[in-house]
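Here the structure comes first, spelled out in structure tokens, and everything after it is commentary.
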Amino acid sequence: MTDSVPLPAPVVANVWQLRVAVGDAVDVGTVVAVLESMKMEIPVEAHVAGTVVDLPAPEGTIVQEGDPVAVIQL
Amino acid sequence: MIVLECENNLMFGATMTIAPNHHALGQHHAVSHPRRTVLERREAAAQRIEPRGRRTMTAEERAVALVDRGTFTWINRQYAAKAGVVTGWGLVDGRPVVVTSQDAAIASGAIGTALADAVQSAQRFALDHGYPIVYLNDSGGARIHDGIKALHGCGGIFNLNVKATRRIPQISVILGPCAGAAAYSPALTDWTIMVRELGQMFLTGPDIVKAATGEDATAEEIGGSGMHAGTSGVAHLAVDDEEAALAAARHLLSFVPSHAGAALPGLPSIDPDPVAEARLSTVVPEKASIVFDMHDVLNGVLDRGPRLELMPGYAPSIVTMLARLDGRPVGVVANQPKARGGILDAKSSVKAARFINFCGRFGVPVLTFVDVPGFLPGTVEESRGVITHGATLLRAYAEADGVAKLTVIVRKAYGGAYIAMGSPSIGADRSWAWPASEVAVMGPGGAVGLLHRRALADADDPAALRDELAAKYREEVASPYVAADAGIVDDVILPEETRARLVGALRVMSPIVSTAS
């Protein structure tokens, strides 16, 4: 398997929307998810280009800072 | 007449004539022979030792390259060079700056008794005359052979670093692996610039880490620029090579006075970027939960032209940037909604506090742009000591007296974060709010839920009632006009009026600016 990298949550938050599905291609800057924290809608942008291979935190779950929101295969 | 062949026609011309009644022939030798010796010795000392590894410049070449061409002058030339450091002074943009440059070619730049003494001598010169000092660091730390004498010397450097804190700007540039004492001195200076993959800072390098704890890690992992400019916050800028590091140090110096109390280096005013200025009134989304890039606001208000964002890779939910307004250097502190919603937390508080503290010490006016959802609560932040660290931000504003502090509330300013972000209550001289801003103990959602719990529970349509109550709260409690009525915010202003208000205030409050050379 080629390298896959986790996309970490920038802050403790509720996963409000997932904007991609497993198997989708993303570029650097593609909004993968929108988190909800401190009454802000916080977009999480892909930091690498690749294919989404996992979305470990479904909508409505809580992620801690640093938890993976998505796993992207390079 | 006696005509002497001069031994060095470079200096004297081809011949030198001396009157016959000039009594001592020996005196001719006293003039000419030492001159030859000086030049021979200088040439011998100038033998270039090819820099090792990724380095491209010798210690002397770095010091010379830092300052304006032809202005470098050695301090304690031979003494310092033999000890492994180049010390001297020169001009940067025409202003005097002292420089020390550790020489990795001599015992890896290890700090022995003589090296420490030479550095302290340069530090005292800078302190006595009120010149900034730039430390070009490339040293393995204390020289083991010198034992306690080396430690005593390192401590002496630290002591003068601290003494200089309130008097002269100090910049550290990390141009090689810097261990122990060579890493601690930068931590006592104002700003630290690292070169990627060349500079490292650590208590000890990989070998001793492995021996001490068993941890296997590379020098880059322990103390590279990624660690320190991104994760630890020990360094404040990361650049690609030595030239860029020296250019960054010069750029930083262009915003600061030579010493505390000196005039700020002024330049002609430059209007903001016209596109950014025209967009200013539409940059901030109406809906308080939608993020935007605070740089779009800053670009529409500040002078176009040179800026220097410090710690851009660390705690990015707050922006700390040296910039100019009306040609005057200013320190900008701004929440960045685009990163983590613009929250304040332990790291962003410490980042901002450090910057404000610097501005306060050197008379650089502090401009604060506020759009903050609050301090991030929860177990993680409490365990990081967010109360203590948040308090350092409050303290920084309150302590920075003697410098103009001007605050613009761009959108939200809630609770403790409102107070901490340069509110008048902790020392802002003037503050203004944009018309759509909200200033309150908490946001409408939370406040309505707390204040009207029973009414909401009993309502037929709780969502509609919640919206209605939230709108009422925005109008009657959180409105900037309430803040202006209370005399806490000076005025409610249009975004496009911001620059004129700030410029007007600075001209009155911060009049001492030297004109550009």
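Please enumerate the residues belonging to segment B:362-381 that are surrounded by 21 or more Cβ atoms within 10 Å (Cβ to Cβ) and part of a helix (DSSP H, G or I).
Correct list: B:Phe362, B:Glu381.
Can you tell me which residue is nearest to the chain's Cα centre (by Cα) among those in segment A:9-33 that are surrounded by fewer than 20 Cβ atoms within 10 Å (Cβ to Cβ) and within 14 Å of another protein chain (Cβ to nearest Cβ)?
A:Val31
Only one of these is away from every other protein chain (no Cβ under 14 Å) and assigned to a loop (DSSP other than H, G, I, E, B): B:Val275, B:Val234. Name it. Before the answer, list the steps.
Details: B:Val275 fails: assigned to a loop (DSSP other than H, G, I, E, B).
The conditions single out B:Val234.
Could you check segment B:382-417 and list, in sequence order, the residues that are buried (at least 23 other Cβ atoms within 10 Å of the Cβ), touching a helix residue (DSSP H, G or I) at 6+ places or on another chain (Cβ under 8 Å) and either within 14 Å of another protein chain (Cβ to nearest Cβ) or not small (Gly, Ala, Ser) (or both)?
B:Leu393, B:Tyr397, B:Lys405, B:Leu406, B:Thr407, B:Val408, B:Ile409, B:Val410
Go over the candidates B:Ala247, B:Ala276 one by one and state the one that is at pLDDT 95 or above, of a type outside the set (S, T, N, Q) and farther than 30 Å from B:Leu494 by Cα.
Details: B:Ala276 fails: farther than 30 Å from B:Leu494 by Cα.
Of the residues listed, the single one that is at pLDDT 95 or above, of a type outside the set (S, T, N, Q) and farther than 30 Å from B:Leu494 by Cα is B:Ala247.
Return yes when B:Val508 is over 16 Å from B:Ser269 (Cβ atoms) and not acidic (Asp, Glu) and no when it is not. Steps first, answer last, please.
Values: over 16 Å from B:Ser269 (Cβ atoms): no; not acidic (Asp, Glu): yes.
Judged against the criteria, B:Val508 is not a match.
For B:Val284, are the conditions met, namely being within 19 Å of the chain's Cα centre (by Cα) and either at pLDDT 95 or above or surrounded by fewer than 18 Cβ atoms within 10 Å (Cβ to Cβ) (or both)?
On the way: within 19 Å of the chain's Cα centre (by Cα): no; either at pLDDT 95 or above or surrounded by fewer than 18 Cβ atoms within 10 Å (Cβ to Cβ) (or both): yes.
For B:Val284, the condition - within 19 Å of the chain's Cα centre (by Cα) and either at pLDDT 95 or above or surrounded by fewer than 18 Cβ atoms within 10 Å (Cβ to Cβ) (or both) - is not met.
Matching residues to (1) closer than 19 Å to B:Tyr418 by Cα; (2) within 14 Å of another protein chain (Cβ to nearest Cβ); (3) of a type in the set (Gly, Ala, Ser):
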site	(1), (2), (3)
B:Ala436	yes, no, yes
B:Ala455	no, no, yes
B:Ala470	no, yes, yes
B:Arg474	yes, yes, no
B:Asp485	yes, no, no
B:Ala500	no, no, yes
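I'd like the full set of residues that are among the aromatic types (Phe, Trp, Tyr) and out of contact with any strand residue (DSSP E or B) (no Cβ under 8 Å at 6 or more places or on another chain), limited to segment B:113-129.
Filtering segment B:113-129 down to residues among the aromatic types (Phe, Trp, Tyr) leaves B:125.
Selection gives nothing.
Among the residues of segment B:319-339, are any touching a strand residue (DSSP E or B) at 6+ places or on another chain (Cβ under 8 Å), surrounded by fewer than 22 Cβ atoms within 10 Å (Cβ to Cβ) and hydroxyl-bearing (Ser, Thr, Tyr)?
The answer is no; no qualifying residue exists.
From the list B:Asp117, B:Asp146, B:Asp103, exactly one residue is within 23 Å of B:Glu43 (Cβ to Cβ), more than 24 Å from the chain's Cα centre (by Cα) and free of Cβ contacts under 8 Å to residues at least 60 places away in the same chain. Which is it?
On the way: B:Asp117 fails: within 23 Å of B:Glu43 (Cβ to Cβ); B:Asp146 fails: within 23 Å of B:Glu43 (Cβ to Cβ).
From the options B:Asp117, B:Asp146, B:Asp103, the qualifying one is B:Asp103.
Checking B:Asp293 against (1) closer than 21 Å to B:Asn357 by Cβ; (2) within 14 Å of chain A (Cβ to nearest Cβ); (3) out of contact with any strand residue (DSSP E or B) (no Cβ under 9 Å at 6 or more places or on another chain): exactly one of these is not met. Which one?
(1)
Just to be sure I understand, how many residues within segment B:189-229 are β-branched (Val, Ile, Thr), over 22 Å from B:Arg143 (Cα atoms) and over 24 Å from the mean Cα position of the chain (by Cα)?
Step one: filter segment B:189-229 for residues β-branched (Val, Ile, Thr), giving B:189, B:192-193, B:195, B:204, B:208-209, B:213, B:218, B:222.
Filter again for over 22 Å from B:Arg143 (Cα atoms), leaving B:192-193, B:195, B:213, B:218.
Those still in the list that are over 24 Å from the mean Cα position of the chain (by Cα) too: B:213, B:218.
Residues meeting the conditions: 2.
Take B:Leu502 and decide whether it is in a helix (DSSP H, G or I) and closer than 30 Å to B:Val92 by Cβ. It would help to see each step written out before you state the result.
Working: in a helix (DSSP H, G or I): yes; closer than 30 Å to B:Val92 by Cβ: yes.
Judged against the criteria, B:Leu502 is a match.
Just the residues that are more than 17 Å from A:Leu35 (Cβ to Cβ) and within 14 Å of chain A (Cβ to nearest Cβ), please, taken from segment B:331-344. Working first, answer last.
To start, the set of residues in segment B:331-344 that are more than 17 Å from A:Leu35 (Cβ to Cβ) comprises B:331-335, B:344.
B:Asn335, B:Leu344 - these are the residues of segment B:331-344 that are more than 17 Å from A:Leu35 (Cβ to Cβ) and within 14 Å of chain A (Cβ to nearest Cβ).
Of the residues A:Pro56, A:Pro6, only one is surrounded by 13 or more Cβ atoms within 10 Å (Cβ to Cβ) and part of a strand (DSSP E or B); which?
Details: A:Pro56 fails: part of a strand (DSSP E or B).
None of the other options fit; the residue is A:Pro6.
Before we move on, is B:Gly378 within 14 Å of chain A (Cβ to nearest Cβ), without any contact (Cβ under 8 Å) to a residue 24 or more places away in the chain and among the small types (Gly, Ala, Ser)?
On the way: within 14 Å of chain A (Cβ to nearest Cβ): yes; without any contact (Cβ under 8 Å) to a residue 24 or more places away in the chain: yes; among the small types (Gly, Ala, Ser): yes.
Judged against the criteria, B:Gly378 is a match.
Out of B:Lys351, B:Lys347, which single residue is within 13 Å of chain A (Cβ to nearest Cβ), within 30 Å of B:Arg166 (Cα to Cα), touching a Phe, Trp or Tyr at 6+ places or on another chain (Cβ under 8 Å) and part of a helix (DSSP H, G or I)? Don't jump to the end; show me each part of the working.
Working: B:Lys351 fails: within 13 Å of chain A (Cβ to nearest Cβ).
Residue meeting the stated conditions: B:Lys347.
Go over the candidates B:Ala457, B:Ala417 one by one and state the one that is outside any strand (DSSP E or B) and touching a residue at least 12 places away in the same chain (Cβ under 8 Å). Please lay out each step first, then the result.
Working: B:Ala457 fails: touching a residue at least 12 places away in the same chain (Cβ under 8 Å).
Checking each option against the conditions leaves just B:Ala417.
Checking B:Ala276 against (1) surrounded by fewer than 22 Cβ atoms within 10 Å (Cβ to Cβ); (2) within 14 Å of B:Val410 (Cα to Cα), only one condition comes out false. Which one?
Against the list (1) surrounded by fewer than 22 Cβ atoms within 10 Å (Cβ to Cβ); (2) within 14 Å of B:Val410 (Cα to Cα), B:Ala276 comes up short only on (2).
May I ask you to list the residues in segment A:37-53 that are more than 11 Å from chain B (Cβ to nearest Cβ), closer than 30 Å to B:Lys287 by Cα and either of a type outside the set (Gly, Ala, Ser) or part of a strand (DSSP E or B) (or both)?
Taking segment A:37-53 as the starting set, the residues that turn out to be more than 11 Å from chain B (Cβ to nearest Cβ) are A:46-53.
Filter again for closer than 30 Å to B:Lys287 by Cα, leaving A:46-48.
Scanning segment A:37-53 gives A:His47, A:Val48.
Out of A:Ile42, A:Ile72, which single residue is crowded, with 20+ Cβ neighbours inside 10 Å, in contact with a Gly (Cβ under 8 Å, 6 or more places away or on another chain) and over 30 Å from B:Lys412 (Cα atoms)?
Numbers: A:Ile42 fails: over 30 Å from B:Lys412 (Cα atoms).
The match here is A:Ile72.
Can you name every residue in segment B:474-495 that is charged (D, E, K, R) and either within 36 Å of the chain's Cα centre (by Cα) or closer than 22 Å to B:Leu298 by Cβ (or both)? Working first, answer last.
First, the residues of segment B:474-495 that are charged (D, E, K, R): B:474-476, B:485, B:490-491.
Correct list: B:Asp490, B:Asp491.
Among the residues that make up segment B:248-260, is at least one of them more than 18 Å from B:Leu91 (Cβ to Cβ), part of a loop (DSSP other than H, G, I, E, B), away from chain A (no Cβ under 14 Å) and over 18 Å from the mean Cα position of the chain (by Cα)? Give the steps one after another, and end with the answer.
Keep residues of segment B:248-260 that are more than 18 Å from B:Leu91 (Cβ to Cβ), which gives B:260.
So of that shortlist, the ones also part of a loop (DSSP other than H, G, I, E, B) come out as B:260.
Then drop every residue that is not away from chain A (no Cβ under 14 Å), which leaves B:260.
Filter again for over 18 Å from the mean Cα position of the chain (by Cα), leaving none.
No: zero hits.
Pull out all pairs, ordered by first then second residue, where Cβ-Cβ is under 8 Å, the residues are six or more apart or on different chains, the first lies in segment A:51-74 and is among the hydroxyl-bearing types (Ser, Thr, Tyr), and the second is in a loop (DSSP other than H, G, I, E, B) and at pLDDT 95 or above.
Going by the 8 Å Cβ cut-off, the qualifying pairs are A:Thr51/A:Gly23; A:Thr51/A:Asp24.
The values are calculated or read from the model by the stated rules, or taken from the named source; none is laboratory data. Computed from a predicted model, the values in this text were never measured in an experiment. We place every Cβ from the backbone using ideal geometry, glycine too, and count neighbours over all the protein chains shown.
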